[in-house]
Structure formats: structure tokens, C-alpha cells
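Let me begin by presenting the structure, written as C-alpha cells, before commenting on it.
The values are calculated or read from the model by the stated rules, or taken from the named source; none is laboratory data. Since the structure is predicted, the reported quantities are computational estimates derived from the model, not experimental observations. Quick reminder, even Gly has a Cβ in these numbers, built from the backbone with ideal geometry, and neighbours come from all protein chains shown. When the accessible area is computed, the model is the full protein with side chains, heavy atoms only, and any ligands, DNA or RNA have been set aside. Shrake-Rupley method; radii C 1.70, N 1.55, O 1.52, S 1.80 Å.
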Amino acid sequence: MEVVGAQAVGQAAGSLVGPAVDGGKGIFSCLKRKYVYVKNMSKNFAELEREEKYLCDEEEDVKIKLDRNKLKMEKTRRCETWLNEVEKIKVEIKELKTEYQNASRFLCGLCPLPSLLKLGKQIVNKTSEVHSLKNQISRITIMVEKAPSPVIKKHAKKIEEVPSLNKHVEMLQQCLRNDGLKRICIWGPPGVGKTTIMENLHDAVGESRQFDIIFWVNVTDRNIRDIQEVLLKRLDLKAQEYHNEQRADIISEELKSKSYVLFLDEVSSEINLRDIGIHDDHRQGKVVFACRCRNICGQTDEDINVQRLSDEDAQKLFWETVGRNLKDNRDIKPVARLIVNECGGMPYMIRLIGNSLANVSSPAIWRDTLIQLRSPSSEPKQEFEEVYKFFKLVCDKLHLEKRTCLLYWAIFPAGYELHQDYIVDCWRAEQFFMHLEKLGEARDRGHAILDEFVQKSLLEKGRNVAHYKMFEHFQRVALRIANLDEKSFRILVKEGEKIREEEWEHANRISLIRFCLSTLPRRPKCCRILTLLLQESNLAEFPGSFFGYMCSLRLLDLQNTGIKLLPLSISSLINLKALFLNNCIQLQQLPAEVGDLHSLEILDIRHTGIYSLPTDIGHLTNLKCLRVSFPETVGNHNHTEAGLSEMISSNVIARLYSLEELIISVEPNNRRWNQIVENIATEIAALEDLTTLSFCFPKVDCFQTFINTSKSWNGNKTLWSGNSFRSFNIFVGSHHRSSSLSEVDISGCSAEKQFRFSDGEGFPDAVLKILEQSCVFELIGHRTATNLSVFGADKLGGLEVCIIDDCSEMTSIIDNNVTRGVVFQCLRKLYIKDLPNLVDIWKGSIESQSLSMLTSLTMKGCHSVKTLLSQEMVLQLKQLQHLQVEYCRGLEEIIDARNVVGSTAFLKLKNLQLINLPSLSKICHNISFAWFSLETVMIKTCEELKDFPFTVENATKLRAIWCTQAWWNQLVWPNADVRDHFHSFHQFV
């Protein structure tokens, strides 16, 4: 080693002597500096290793920090560069280590080799680089928050030209802007357009930049983990290794400070949002569900029922799909109208059928398509498999009782609307509710089933109040399913073609509704027939022995036919449960054989030519429901009024001891009725099981006696306190004025208990008792009442509809100085007419719950009112949708709101009508008043109203202004832009 060292020193000296001599002191200084690299190499190398360890520690800390925040953060580019530089310098250090280990064997302790000098310098320099790199990290931004992925548009089918669908998109956009609505559900049957609405809403919300992030999940057949995966991917988070609960926490933590909306389409079962990671405490988070059944989504803040398209929109969508070049084809056009009707206003069906007929000019193919749509074949058409599968799946899951009720709908024509009481009568007659003895119990059960069918999107509410209908394509499916069960149903439905006599023999239920019946078989052999529907047909008479073999018949409906007589063979209907003869205006009497129908439970003979109830009715001791009406005039009868028999003979009603429902309708001031009403009222008072009554008491004393003596009214056979009446429609007074109820839309109200009091003085105890139970109250022509507060708040608390008409002494509707407390907390409709001394609707303070449910306010002919609504009253009307004021000569302003009334006022007002108000000069002094929901306005004969009452910013939903041209021309506009904005909405009347 010493030899080697001596040689090294000699070589070093030889190599340095020349430069030292030539360069003098500079050379010796350089030699000294380089020698230090070698002399301190071990120390410098240890320093390098120490700095490397510090650098690796910093690198590890950075990586841990990145890993812990990788779900919502990402490293910066500068951080990425730093980490790359660290990796690079670690490789270089590794190479230096190898070189140092190899060179250390040549060290002599006195003088280094030239390579050692180079290595020593590299170690010092690399140590400096490591130190500098380690310190850089403190000046670098390591992470930034991940940017959400861009919104991927759905490119939804445009529906601006389909108002039936587009209105839902606009409504949902409004809901998403409402901070108080976090869970929104849109529901309806398959094919009604829910997904199209959701996709249009998704794209509209994306364009608005209203939310930080938007999610879309098609929930069909997806579990919680699948849904979480969609959200995690959208958030650019990787959490596959975590279990569902941890993933839910990760999602929740990520979303709690974000504004977001989650669209869940095709929801078919209840979803626990907390299991996904969506929590109620996400203040800026919203969820929109689309499902077929209303109750699937659990508790929601807003439910929107998507219904079928309007007839106009359905036609428009169909021809856009088919091609307008075929629209004027005279052979195709009438068939097309019927095909569109079969589609039932469902966009899915319309597009499906429309695409199959696009550019098809052959009328034969169009006619064949119609036949296939109407075919009751047991095999579902392939194109309609989704509709068939949905209906059958829901149907199969129903309890047998409900399933039978649903399939029974197949006996009616497609799209046929049925009153809720009528369909329950049918179910009752068919003995679907055999375990329920009382008719009232069956009716409550039936109403609950109807509501469930609506919630499951199997039925929809009809256009008329309390009416229901099945979607047309569901009705075809129901008929196929019902007829697959040969034993239970075997339904024969005819809608135009002829019926063969042998068809009578094989069917259990026959429907010939609206059928052109030229003749009926003389005596069809149909012993198994249970239901026969002949209503609205052109039937005029029966063969005498027609019913001879129908001993099993349970339901016979002849309403709205032209029959004049019932055949004597009707006595063969020994099992008949329900007989409908209403609106048979040619029918003038019932045969005595009706008294032989001992099983009969329901008899409806309203609006016929029958002028007297036959005494044979008294033999129907099982009768539970009797509905009868009597005209004032006797029609074509060759009788003098004095010679006519009584409307209802004595002891007929008394013998019907099983009666639960009794409706007796008479025209106002019927003299024949006035002669017998007290006796009839006495017989009715003796009935113990009566739960429904429609009756006219011309005198208050007669009504007072009935209330005092009625066993059913005063009895307590129910589980709840109070009387046993489930519904009533009672009229007290002389009734010389027509009812105003026909002018009030009572849809949405229970309307089960209606009371009308006319031409009274004071308020007898019986009136107060029935008022306390009423849902609808009409006060007509009262001669002494100054307000309704004299009743007391408790008597008005349950009212949903209140009508006050022609009460000359009325100065206010409510005077809270007389009756303090909450009043009208359930009221939905308030109709005020011809109150000449009315000054205020409400006098005094208003409790917070009073008027909080009011949706419609109408005032007509009240000339002493100067201001319609006080500021305090406006603040209560948060649910008001319709405001109508007509012919009030003294009215000067609608709303007394000179100060700011708050953003919650009139949030739901959609329709405003101001007609014939000659003194009206202001709607509201506050020009910033909110009109966020206003859609239509009608202003006629209001000459003093010169300022347009709405602002462009607030009336964003205004679409139609009906007014006279003279009024429009006199308006004073704040500027031309406002005038031009509203100009496109106005229509002259």
C-alpha cells in the first residue's frame, strides 16, 4: 500500500511541478483547494448521505400528503417536476456511492489520485444540489383542488314545441332555484316523457352554471355501489378498495361544501340516499328523482305528476314523427286520429307508432296498425313489450283483491272515465269486498285502492272531479291478462262490431257501452254472466224474456239509454246487487217486479222520468244505497198535479232499514216535496246505519228536528268521536236562489260534506252543529249576518270551500276582533259575491296559520270595498294561485303594500283576472312586488288603471295578457324596452 501511495505521490508531483513553476502561486492555491476535496472526502460523503436522507424524508412526506388527499386534490406541475428531480438526483447519488466505494481502496492518506480529486468535488457539489432541492419544497405549492369533469350533455329531444312536457322543465328549474326544495320527485307511467323531461332539465341546468357539479345516474338494476361508482367517477375519485360505508363518507365529505344536483332516472325501488353519501346537511345539494310510482322515493319536498300530452301536443308530436307530407291524405287522416287516441297521449307510444308509419302512404297499413293496437290478443306486441312487462309486473305483485279490482277496468272502453263511487259500486256488486259488510267500509277501501293505483301510475285522475281513467294501452294489456284467466274473467268488450248470440253464452262479463244495438237476442242462454254494461247505447227496449237465463247477474247498468220500460223478466235477476237506471229520461215508472230483487244493494234512478217512487221498493230490505231524483214538472204524464201519487209513499223509506246511503234530489221550491218532506225526514231519522245523506230541508225547524232526533247523526257507532256520517250534502232554506257552487272548481278539495244555508235569520244550533262537520259551506241570502266570526273559529276550522252570496248586512268576512285565534286554516277556495256593504275581507290581526292553504280567491259585486288585500293578508297567501275580481265599482287598489312585503308573498300566484273595475287605479304601489309564478293576466274595463303593474325581472313566467285594445293603448310605460317585452304576450278581447 505504501509503494502504491509513493507512486501516486510521485505521479501527482510530476504532474504538478510544471504548472506550479509556470503558474506560480495560483497553481499552489488550486492544489491546496483540490486536496481539501480528498482530505475531507469521508466527511463530505457522510454529509451527502445525511442530506440525501433529509431529501428522501421530504419526498416521503409529500407523497403521503398527496396520497391522503388524492380523492379531491391533485399535485401541481411544479410538484411533479420536483418529484422527478428527486428521483433523478437519487439515481446520481447511487452512482456516486458506487464510485466512492470503489475509489476508497486507493486512498493513501497523503495525496489523492486525479480521479479522487474529481470524485471529491462531485460529492461536495451533489451535496449542495441535494440541500437546495430539499429546501425548494417549502416554496412549492404541492396540491390544488381537482376540477370537476365537464358536464356531458344529454342532447335531449327538444320539447319547446310540446308545452305539455316543456312546462314541467320550467317548473323543475323553478324548484331547483328554491333553496327550500332539496328532494324533488317527478313520477308517472312508462312512456309519459319523464326521461325526456329529465334530460332537458339536465342540459338546461348545465348551461346555466347554477351548480358546481351535476350527476346523472340511470338507476335501473343498479345497486348502491354502482351508484356510488358513478358519483366517484364524476368526482374523479378512486376508492375501489373501500367498502360502501367508507365510500359514502368520502362522497359526503367531498360534496358537503359544493352546490350540486343529482339526477336519478328510472328509480324503481326506494333508495336510501345516506347509503350513497347524499346527506340532508348538504346545504347546497339537491336530488331529482324520476320514477313510475309516487311513493317509491320516500319523503320529498315537491312531487310533480307527469301526465299524458294534451290532444293538441299529441297530434303535433305524431305528425312530426310520421312526416307532415301525409297529414292531408284523406284516407289516412281519420285513421291517424284514432291511432293517436290509442297512444293515449304517451310520447313513447306516439314516437314508437309514428316511426313505424313514417313515410308509409298505404292506407291499408294504417288501418291494420289500428286493428293491431285495438286487438285483445293474449300475446303482447313486441313493440309494446316494455309497457306490457311493467303493467304485468306491478299487477302480479298486487294482492288478489287489488289485482281483481285492477283487471276489472278492462271491461270498460279504452280511455273511459269512471266516478270513484261508481267503480266501487261495481267492485262491491261483483263481491270483491266480501269481507266488508258495510257499504261505507267498502267505499273507503275502494277509494284507498284507487289512490294506490294512481300512486303506482296504473290509473290517472280524470278531467272531471272524483273521476279516474286507465291509460289506454294499459287497458288493452289488462284485457289480455284478464282473458288469459278463463275461469275468473272471460270479458267480452265490443266497441262497434256486431255481437253474435253465441258470444253471449261464453262470456262472464259483457260490455256494450256506446254500442249501436239494433236488436237484442230474445232470451240469451248466459247463466254465467255476472256483469252486463249497456250504458250510453242506443237501446230503446228489451225483449220480454231477455233476462230469463241471467240468474247469476250481479251488475246491470242501463244509464243514459232510451229505454221506456223494463221487461217483466227482470224478476229473474235474483242475485242482482246493483242496478243503474240514472239518466234514462224516457223511463217513467218501474215495474212491480223490481220488488222481487231481494239481493239488490244499490239502486240509482236519478234524472229519469219517474215521478213517484213505487211502494214495491219497500220490499228491498237489503238495499244499502238508494239514489233518486224528482223533477218539478211531470213531463208527458196525463195527470193533474193533484191527482199524482206522492213522490215517496209513507213507510217506504222506513222499511229500508239497511240503508247506508240515501240521495233524494229535488228542484228548488218543489211543492210536491214540501208536502211530504217532514214525514220523510222523520223516517230517515229512524235509520240507524245511515252514513251518507243528500237531502233538502225547506224549513229550518224541520232540519232542527232531524238533527235532534236522527239516530245515525246522534249515534256513535264509529271508533272515532262524533256522528257516523262519512258524507252529506244538505240544503237548508227556501232555495229560491241558484247555487254558486257550480262556478267554483272544487277539485283538490275533499268535498265529502257540503252544507248550504239560504235565506236565514240568525244561526240555530242545528246549523252550527252541521257547519262544524262541513268541508264546503254556502251561505246564501242571509238577512242578518255581518260576518262569519259569529260562528266561532272552531266552526270554520275544517272548511275547505266557503261561498258567501247575497248577504246584504255582511261588512267583513272575518272580524278577528270578535273571534280571536286561527280561522280558515284549511280553506282552499273563497268565493264572495254580491255583498253590497262589504268593506274588508279580513278585519283585525291575522294568526300565522289563518288562510295559509288558500289557493283561490274570487270577489264579485262588492261595491264598498276600496282595498282588496292588506299587507298582512298578502303575507298569509303563500299558496294563492288564482285571484279574480269582477264588477266592484268602489275598488281602488288590489294590494295595500306600500312597504316591502317580503320575497315569499304571492310566490305561487298563476292567474290574475280584473274585470269591470272602473275605480281601480293601482294593483300595488310597490313596483318591486314579486310575481314569480304569474302565467296569465286578464284585464277588462279598468279605465283608471294606466300603469302596467308588472316588472320584467319579476314576471318571468308571464305568457299571456288578455285585455282590450283601448286599455292597452292608454298604458304609460316606464320605457320602450318594457313595452316591447310585454307586447308579444298581449291578446285583445
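So here's what we get for this one:
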quantity	calculated
Carbon plus sulfur fraction of accessible area for the chain, probe 1.4 Å, in percent	48
Gln372 paired with Lys118, simple spin-label distance in nm, labels 7 Å along Cα-to-beta-carbon	8.8
Two-decimal ratio, segment 329-446, of alpha-carbon radius of gyration to 2.2 N^0.38 Å	1.37
Karplus (6.51, -1.76, 1.60) ³J(HN,Hα), θ = phi - 60°, over segment 211-225, in Hz, Gly and Pro reported as x	10, 5, 8, 10, 10, 9, 10, 8, 7, 3, 6, 9, 8, 4, 5
Principal semi-axes in Å for segment 237-372 [√(5λ), Cα gyration tensor, largest first]	47, 15, 13
Set of aspartates and glutamates with alpha-carbon distance to Lys946 below 19 Å, sequence-local pairs under 8 removed	Glu886, Glu892, Glu893, Asp896, Asp977, Asp980
Cross-link reach list, aspartates and glutamates versus Lys94, counting only Cα pairs under 13 Å and skipping chain neighbours closer than eight places	Glu49, Glu52
Normalised contact order of segment 552-606, rounded percent, pairs of Cα under 8 Å and 6 or more residues apart	42
Loop GluC sites (Glu not before Pro), segment 158-207, which have at most 16 other Cβ atoms in a 10 Å radius of their Cβ (DSSP)	Glu160, Glu161
Three-way shape call for segment 130-243 based on the alpha-carbon gyration tensor, with the a/c threshold at 1.5	prolate
Restricting segment 259-332 to trypsin sites (Lys or Arg not before Pro) in coil, as DSSP defines it, with at most 16 other Cβ within 10 Å	Arg283, Lys327, Arg330
Helix 385-397 vs. the chain, principal-axis angle (Cα, 0 to 90°, nearest 10)	70
Protection proxy ranking of 845-856, 55-66, 548-559 - average other beta-carbon atoms within 10 Å, highest first	548-559, 845-856, 55-66
Charge dipole (segment 106-247, unit charges on Cβ, about Cα centre) - positive-most of Thr141, His155, Val130	Val130
Rounded accessible area per residue of the chain, 1.4 Å, Å²	46
Pairs from Lys829/Lys860; Lys154/Lys469; Lys878/Lys957 whose Cα-Cα separation, in the structure shown, is over 22 Å	Lys154/Lys469
Test item: Cα-centred dipole of segment 940-989, Lys/Arg +1 and Asp/Glu -1 on Cβ, debye	200
Backbone HN-Hα couplings from phi across segment 609-621 [Karplus 6.51/-1.76/1.60, Hz, Gly and Pro as x]	x, 5, 9, 9, 7, x, 5, 5, 4, x, 7, 7, 6
In segment 496-555, the GluC sites (Glu not before Pro) that fall in loop regions by DSSP, at most 12 other Cβ within 10 Å	Glu497
Long-range amide H partners of Met938 with built H, under 5 Å	Leu912, Gln913, Leu914, Trp962
Size of charge dipole - the chain - debye, nearest 20, with Cβ of Lys, Arg +1 and Asp, Glu -1, no other charges	3320
For segment 84-90, Karplus couplings with θ = phi - 60° (6.51, -1.76, 1.60), whole Hz, Gly/Pro x	5, 5, 4, 4, 5, 6, 5
Shape box of segment 530-674 [Cα atoms, principal axes, largest first, Å]	43, 35, 22
Stokes-Einstein diffusion coefficient of segment 582-632, Kirkwood radius over Cα pairs, 10 °C, 1.306 mPa s, in µm²/s	142
Cβ-Cβ FRET estimate between His279 and Leu484, R0 fixed at 45 Å, reported to 0.05	0.45
Proportion of all alpha-carbon pairs of the chain beyond 52 Å (%)	41
The chain: calculated mean residue ellipticity at 222 nm from DSSP helix runs of at least 4, using -39500 (n - 2.57)	-11000 deg cm²/dmol
Dipole of the chain, positive end: most advanced residue of Val169, Ser599, Thr811 [Cβ charges, Cα centre]	Val169
Glu60/Lys392 FRET efficiency (R0 45 Å; Cβ-Cβ; nearest 0.05)	0.15
Cα extents of segment 654-705 along the three principal axes, largest first (Å)	30, 20, 17
Total charge dipole magnitude, segment 423-544, about the Cα centre, Cβ charges on Lys, Arg, Asp, Glu only, Debye to nearest 20	140
Within straight-line cross-link reach of Lys564, lysines at Cα separation under 25 Å, skipping those fewer than 8 residues along the same chain	Lys494, Lys498, Lys525, Lys577
Entries in Lys53/Lys118; Lys90/Lys121; Lys153/Lys256 that, when Cα-Cα distance is taken, lie over 20 Å	Lys53/Lys118; Lys153/Lys256
